[in-house]
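The values are calculated or read from the model by the stated rules, or taken from the named source; none is laboratory data. For clarity, every value in this text was computed on a predicted model and none was experimentally measured. Because the Cβ atoms are built from the backbone with ideal geometry, glycine has one as well, and the counts that use them run over all protein chains shown. Calculation scope for accessible area: heavy atoms of the full protein, side chains included, ligands and nucleic acids excluded. Shrake-Rupley method; radii C 1.70, N 1.55, O 1.52, S 1.80 Å.
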Amino acid sequence: MNEWRAFPAMDPDLPSELLPAAWPRAEARELFITCYDLLGPLAVGRVRQIIARYSPDLADRAAYHSSQLTLAAAAD
């Protein structure tokens, strides 16, 4: 995970045609998007658990944004 986290700083941000053939930019992007979308429901579920200890009425208002930029609520 630490290696992948360092990738944005290593990426020279050149156009694709100027990068080496095996440059993993697309794979890294897909991996980050997949992780982001998979962790959203888990994270909002945990946030709801924490909020519910203090304010049960507010817990259901916790939501997250998917990589599609849509607002989503975690399933209970």
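Within region 32-39, the presence of a residue that is farther than 21 Å from R5 by Cα and among the β-branched types (V, I, T) is excluded. Contact map, region 22-38: residues that are hydroxyl-bearing (S, T, Y) and modelled with pLDDT of 85 or more paired with residues that are open to solvent by less than 70 Å² (accessible area, probe 1.4 Å) and outside any helix (DSSP H, G or I), Cβ distance under 9 Å, separation 6+ or inter-chain. Pairs shown: T34/S67; Y36/S66; Y36/S67. Looking at region 1-74, the helices (runs of 4 or more DSSP H) lying wholly inside it that each contain 3 or more residues that are of a type in the set (V, I, T) and at negative phi sit at 25-54.
Please go through region 48-76 and give me each residue that is at pLDDT 95 or above and within 22 Å of F32 (Cβ to Cβ), ordered by number. Listed by number, the list is empty, since nothing qualifies.
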